1. Restricting segment 87-120 to residues that are acidic (Asp, Glu) and surrounded by fewer than 16 Cβ atoms within 10 Å (Cβ to Cβ), which is nearest to residue 178 (Cα to Cα)?
2. Is it fair to say residue 38 is within 16 Å of ligand 1 (Cβ to nearest atom) and either at negative phi or in a helix (DSSP H, G or I) (or both)?
3. Please state which of the following conditions residue 118 fails to meet, knowing it meets all the rest: (1) within 10 Å of ligand 1 (Cβ to nearest atom); (2) under 18 Å from residue 56 (Cβ atoms).
4. Checking the conditions here, which among 123, 84 is over 15 Å from residue 207 (Cα atoms), within 16 Å of ligand 2 (Cβ to nearest atom) and surrounded by fewer than 15 Cβ atoms within 10 Å (Cβ to Cβ)?
5. Restricting to segment 41-68, give me the number of residues that are buried (at least 19 other Cβ atoms within 10 Å of the Cβ) and part of a loop (DSSP other than H, G, I, E, B).
6. Tell me which residues, restricted to segment 69-86, are part of a strand (DSSP E or B) and more than 18 Å from the chain's Cα centre (by Cα).
7. Of (1) within 15 Å of residue 14 (Cβ to Cβ); (2) crowded, with 22+ Cβ neighbours inside 10 Å; (3) within 10 Å of ligand 1 (Cβ to nearest atom); (4) not aliphatic (A, V, I, L, M), residue 148 satisfies all except one. Which?
8. Only one of these conditions is not met by residue 140: (1) of a type in the set (A, V, I, L, M); (2) in contact with a Lys or Arg (Cβ under 8 Å, 6 or more places away or on another chain); (3) touching a residue at least 24 places away in the same chain (Cβ under 8 Å). Which number is it?
Amino acid sequence: MKATRLADEAELDGLLLFPGYFDADRQQELLAAVRGVIDEAPLYTAHMPKSGRPMSVRMSNCGPLGWFSDERGYRYVDAHPCTGRRWPPIPDMLIALWNDVAHYSDPPEACLVNVYSPAARMGLHQDRDEADFSAPVVSVSLGDSCLFRVGGPTRSGPTRPYRLNSGDVLVLGGSSRLAFHGVDRIYAGTSRLLAEGGRINLTLRRVTRPQHAAHRAAEAHHNG
Ligand SMILES: O=C(O)CCC(=O)C(=O)O
Ligand SMILES: [Mn+2]
């Protein structure tokens with residue numbers, strides 16, 4: 001499938017959009033898999049590290065590691081903060097997506113599931129709790145469309161708005177890997193995929209650095 005490069009600036013090289021990567025049937029299939037994940041690993045409310053304020057987006061994870069945040073800070077944990085059970089595995093459809101678009105030697109280790117009610121939003125931030133920024137973050141949108149904002153590597157720089165629709169895949173790789181980004185608003189009622197309305201976002205992430213020789217060779221090749 002064809003990717004659209006979203007911006008011309010060198011600092012956003014590697015920011016790719018695959019509009020409608022998942023068609024309506026595949027969105028239903030993926031949604032069923034995500035519902036299965038949430039059944040095993042119920043949604044929780046994460047809190048901001050310093051203020052302890054609750055985030056408006058509810059979360060879960062699948063994969064060996066899951067993203068979590070409370071007063072002690074942002075981090076990856078290998079078990080659900082409430083149930084203490086390991087996170088369920090990443091659904092095959094998402095592993096296939098990673099293999100298709102990530103161009104990375106190793107599998108993702110975490111898939112954060114963000115559930116947005118129509119009023120939820122996510123402030124401008126960088127994804128930097130991972131040890132390996134050479135792996136992209138691969139993001140899937142399901143349900144209502146949203147206004148997604150992307151800036152550069154500094155918080156104060158200019159930002160651009162994009163609309164993300166159900167089934168779209170966005171890749172933050174290369175020099176856009178550390179771009180500031182956030183979700184300004186959800187456009188309620190723009191999709192019928194989720195009976196309850198709102199939006200689900202899935203982000204596939206590599207968390208640790210692979211140590212094997214094949215990865216080092218791939219990196220050397222990549223870095224020229
Ligand atoms: O919901 C989105 O599209 C973005 C989510 C995000 O930036 C994150 O989970 O770090
Ligand atoms: Mn993010």
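Each reported figure results from applying straightforward, stated rules to the coordinates on display, with no laboratory input. For clarity, every value in this text was computed on a predicted model and none was experimentally measured. Here the Cβ positions follow ideal geometry from the backbone for every residue, glycine too, while neighbour counts run over all protein chains shown.
1. The residue in question is 100.
2. So residue 38 passes the test.
3. Condition (1) is where residue 118 drops out.
4. Just one listed residue meets the conditions, 123.
5. Here the count works out to 2.
6. Once the filter is applied, which keeps residues that are part of a strand (DSSP E or B) and more than 18 Å from the chain's Cα centre (by Cα), segment 69-86 yields 70, 73, 79, 86.
7. So the condition that residue 148 fails would be (1).
8. Failed condition: (2).
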